[in-house]
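Here is the structure we will look at, set down as structure tokens.
What follows draws every value from the coordinates through simple rules; no lab data is involved. Since this is a predicted model, take the numbers as computed values, not measurements. Backbone-built Cβ (ideal geometry, glycine too); neighbour counts: all protein chains shown.
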Amino acid sequence: MQPIVFYDIPCKIAGATWSPNTWRIRYALNYKQLPYTTVWIEYPDIAALYTETLKIPPCSTRRDGSPYYCLPVIHDPNTGTTISDSPIIAAYLDKTYPDPERALFPPNTHTLQKAFRSAYDEITGPMAPFVIPKVADILRAPSEVYFVETRSKSFGKPLREVFPTGEEYTEKWEKTKNAFGKIDAWYCAEESGGPFVAGRNPTFADFVIGGEMQWTRVAFGEDSKEWKEWASWHGGRWAKLIEDLKPYEGEDQV
Ligand SMILES: N[C@@H](CCC(=O)N[C@@H](CS)C(=O)NCC(=O)O)C(=O)O
């Protein structure tokens, strides 16, 4: 099998990968033991990757109607397929390389996992003003400029002013902890038999949360006050999740 080409966004921390959405597919490729090589693309070059290099349609449409070009994207030279959007990529990998022992979507879980992602996204909003401003600090120069500009626009104020301070910090941090408390309560290891959402083996749902935990840890920094607290929440569930997914991190990092 020829290696799959996996497009990811670099950062300036040696050996670290940070993007929550690309982590989903990095984990998936490693879990399914599929060979791949990473091609690193800075944010401002993603649009040209779609329109000029790969000639594929945009991943989706932004609220203002403009095309949304984003990563992850994969090109599979074995089938000639080039696709974007992590759930679609994951479904493609399961279909093209079926392995019942390593299914991202075990039988009949597509709908449940879609509902899971939607509920997860609805609950975890409060983390955004803490994590997103920190991402700007870890990006390389061309991506940093793009990121600060686009995220300032979406927050409606300069990104440097988004990170909460004073009472707002305490209140929003508590909200973030409570949001993850709700997710923590979803897990029922006694019934499912394992550390993961569906039990003993990880599924795409775990790669969604695992990707966000990697994002959070790398953006805050391992030794930051924020990550140390976060890692201690809910019996250490979030740090343990990263640990449990370690076998699927792979070695192909910047
Ligand atoms: N629905 C997409 C979302 C991917 C996404 O938003 N990726 C971010 C990086 S984490 C991106 O490339 N953003 C491009 C931009 O902000 O211009 C997926 O699940 O793959």
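A few remarks follow.
- Label-to-label distance, nm, for residues given as Trp233 and Thr165 (7 Å Cα→Cβ offset): 2.3
- Normalised radius of gyration (Cα atoms, divided by 2.2 N^0.38 Å) for segment 1-80: 1.14.
- Viscosity 1.002 mPa s, temperature 20 °C, Stokes-Einstein D of segment 40-100 from Kirkwood C-alpha radius, µm²/s: 171
- Cα shape, segment 70-215, gyration tensor, a/c 1.5 rule: oblate
- Shape summary of the chain, radius of gyration then Dmax from alpha carbon positions: 18.1, 55 Å.
- 25 Å Cα-Cα threshold exceeded, pairs from Lys12/Lys246; Lys175/Lys240; Lys175/Lys228; Lys153/Lys246; Lys172/Lys225; Lys182/Lys240: Lys153/Lys246
- Listed by chain and number, the aspartates and glutamates whose alpha-carbon sits under 13 Å from that of Lys32, ignoring those within fewer than 8 places in the same chain, are Asp94, Asp99, Glu101, Glu249.
- A simple spin-label model places pseudo-atoms 7 Å from Cα toward Cβ; at Ser192 and Glu243 they are separated by 1.8 nm.
- DSSP bridge orientation in the chain - percent antiparallel, rounded to nearest 5: 65
- Dipole size of segment 96-248 about its Cα centre, with +1 on Lys/Arg Cβ and -1 on Asp/Glu Cβ: approximately 260 debye, rounded to the nearest 20.
- Highest-fluctuation residue, Ile209, Ile88, Ile242 considered, GNM on the chain with Cα pairs under 10 Å: Ile88
- Partner aspartates and glutamates for Lys114 [C-alpha distance under 14 Å; skip if fewer than 8 residues away on the same chain]: Asp85, Glu122, Asp206
- Set of aspartates and glutamates near Lys95 by C-alpha distance (under 15 Å), chain-local residues within fewer than 8 positions excluded: Asp76
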